[in-house]
Every structure is written in structure tokens, then in C-alpha cells.
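**Q** Here's a structure for you.
No lab work stands behind these numbers, since they all come straight from the coordinates. Because the structure is predicted, anything quoted here is derived from the model rather than measured. Every residue, glycine among them, receives a Cβ derived from its backbone with ideal geometry; neighbour counts consider all protein chains shown.
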Amino acid sequence: MLQVQVHRHIGTFDLDVRLDVEAHEILAVHGPSGSGKTTLINLIAGLQRPDGGRIVVDGRVLFDSAERINVRPEARRVGYVFQDYRLFPHMSVASNLGYGRHSGRSRVDFDEVVDLLDIRGLLRRRPRSLSGGESQRVAIGRALLSGPSLLLMDEPLASIDPERKAEILPFIRRLRDTFALPIVYVSHAAEEIAQIADRSIRIENGRLTASEPVLPPGNPTMPDTGLRLIAEVLGHDTGTGLTVLGSSLGRLFVPRRSEPPGTKVQVVVGATAIEPIAETGSGGVAVLPVRAVAGAHA
Ligand code: ADP
Ligand code: MG
């Protein structure tokens, strides 16, 4: 289990976040650009130093300002997967995978990781010859083989072609199921979050502004992909006949609901309902068919 309570002040930016992530849990972190997501990940990894707070993984203190504990990044046993892979170009895939390994300490079996990520056929290749998706699978493998007690992923699919993303998501889910690791997964993409995360938090301007469960896929009443979130009925607009919901994504306007204000509802936006909006000037608004399900997961 990962327990984090950190604050950090950089120039005019101020981050103050507390979060817990269980083993076998993928916590998605989303929020606007510049809100502090990468800073948070770097503080946990030890690449940036908190001004104060405490970071504990499985009872092992990585940072504690009061106790003056600050474990070096390379001793933290944190697997870090970057958006831009950061493989060593002069080394084969096999050597890249071996690079992060700490012999005798790794709890993770080389063959198991290679098979899990389906990268056996790539072992002799150089990173230059790999596609984005293949590179990222190798980078994930390298992070796992370092024997981490925690996996941090900062927008790992952001540089990958949309068609290829779907190939990688199942691997990340498999990681969660196979290894008893807390996984912190930064992503802008609601669809990615809906597909792999167990819980999502939103960070805005250095503060946690929402934390909600993400429902597992496969619920027969739900579309397989899309966006699920918990919202609250804020009120009913008699003028437009719409109900206003408050959610981590802002206010949502849906066809009139009967639930009174304050009721928690689950909102499901099917992936097929999500379309890019063509720029139509200041008034360009798309109305999506949204389904609100009362009561669930309040
Ligand atoms: P995100 O990953 O959510 O886009 P970041 O964590 O990268 O956000 O950045 C959070 C804030 O910290 C931003 O306002 C950014 O300008 C600022 N910031 C990040 N790194 C530095 C730095 N090295 N020096 C000064 N400000 C920084
Ligand atoms: Mg970032």
C-alpha cells in the first residue's frame, strides 16, 4: 500500500496532496495541464523533494520531513514509466530490460514479464526499430524488472497512436492483476481511465478536487468502453427542462431527472457517444446522450 501526504511550493505553484493506493489498485490521476500531476509523481519517485510530508510504501518510509528521512530515488524501489519511454538507444531490448534489474532482489521473473508484455520477439532489437506501443511495453517491462514495490506511470500512452493504445491497455490491467503493486496512472484520457482504473482522482492547481470509484468493465447494463463518473444532482432548470449535475469534469446538463438535489447519480457516457466537436465559434456546443443511473456507488 502506498500512503502519500506531500506539499511542495515551486515559484507561484503550490501542491498539497494526500492519497492512499492499495496493492492491486490502479489509481488514475487526471486534471488540467500544469495542475501538478507530474510533480506529484516526481515527489513520490524522489526526483523532486517535498517541502514537507510523508511517503510510505508497504510500511517502508521513503520520505518523512519530521523524521528527516529521504530515501534516494534509486533505493526507493519505484518503477517509473515515462510518456517518452526513455529507453537506452545503444542497447538491445534485452539489455534495456536488464538495466533496471537488481539481481537477487527482484521479485519479478524475467520470463514472466517478457511473456506478459508479449515482447519476446523484440529482445534482440534496438529501441529505434520499435513502434511506440512496443517501446512502451519494453519500458513497462524494464520498470517491472527493477522489482518495484510501486509503479508510477505518467501519461504512458500519450505518445502512442490512438489505434495502438487499445493494444497496451490490457497489459496494464494484467499488471495490476498479476503483481501486488499499487499503480498510479496519470492520464488525460477519460476513456483510458474508464478502461483500466479502479479509482480516479482529479488534481486542479495542486489540490485534490475529486476522488471517485471507476466501475469495473463488463457490467452488462453498461457500455464496455466510455466514461463513467459519479455526479451529484445540483438542481433542475425549469427554463430548459434540464437537470444540472456536478461532477469532477464540471457541470453536466442532462434531460430532466426526478432525483432531488443532493442525490448521487452515476453517469455513463458510452464511447460511441463521444465525438470531437468541430470548431464552430464561441457557441459551439455538443449535446451528448447521457444516461444517469440513480443511487449506484454513491
Ligand atoms: P502536470 O503534469 O499536471 O501538467 P506539472 O506537475 O508538470 O503539471 O506542473 C505543475 C506546475 O509546476 C506548473 O505550474 C509548472 O509550471 C510548475 N513547474 C513544474 N516544474 C517546475 C520547475 N522545475 N520550476 C518551476 N516550476 C515548475
Ligand atoms: Mg505532466
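**Q** Considering just Cα atoms, how many Å³ per residue does the convex hull of region 48-169 enclose?
**A** In region 48-169, the Cα hull volume divided by residue count equals 122 Å³.
**Q** Determine the relative contact order of region 2-211: mean sequence separation of Cα pairs under 8 Å and six or more apart, normalised by residue count, in whole percent.
**A** For region 2-211, the relative contact order is 33 percent.
**Q** Now a separate question. Of all alpha-carbon pairs in region 1-99, indicate the percentage at a distance above 18 angstrom.
**A** Across region 1-99, Cα pairs with separations above 18 Å total 53 percent.
**Q** Compute for region 2-211: radius of gyration divided by Kirkwood radius, i.e. Rg/Rh, restricted to C-alpha atoms, rounded to two decimals. Write down the numbers at each step before the final one.
**A** Details: Rg = 16.6 Å, Rh = 17.4 Å.
In region 2-211, Rg relative to Rh is 0.96.
**Q** Can you give the Kirkwood hydrodynamic radius of region 139-199 from its Cα pairs, in Å with one decimal? Mind showing how you got there, number by number?
**A** Numbers: mean 1/r = 0.0830 Å⁻¹.
That comes to 12.0 Å for region 139-199.
**Q** Let me ask you something else. For F110 paired with A75, estimate the spin-label separation in nm (one decimal), with each label point 7 Å from Cα along the Cα-to-Cβ line.
**A** 2.7 nm
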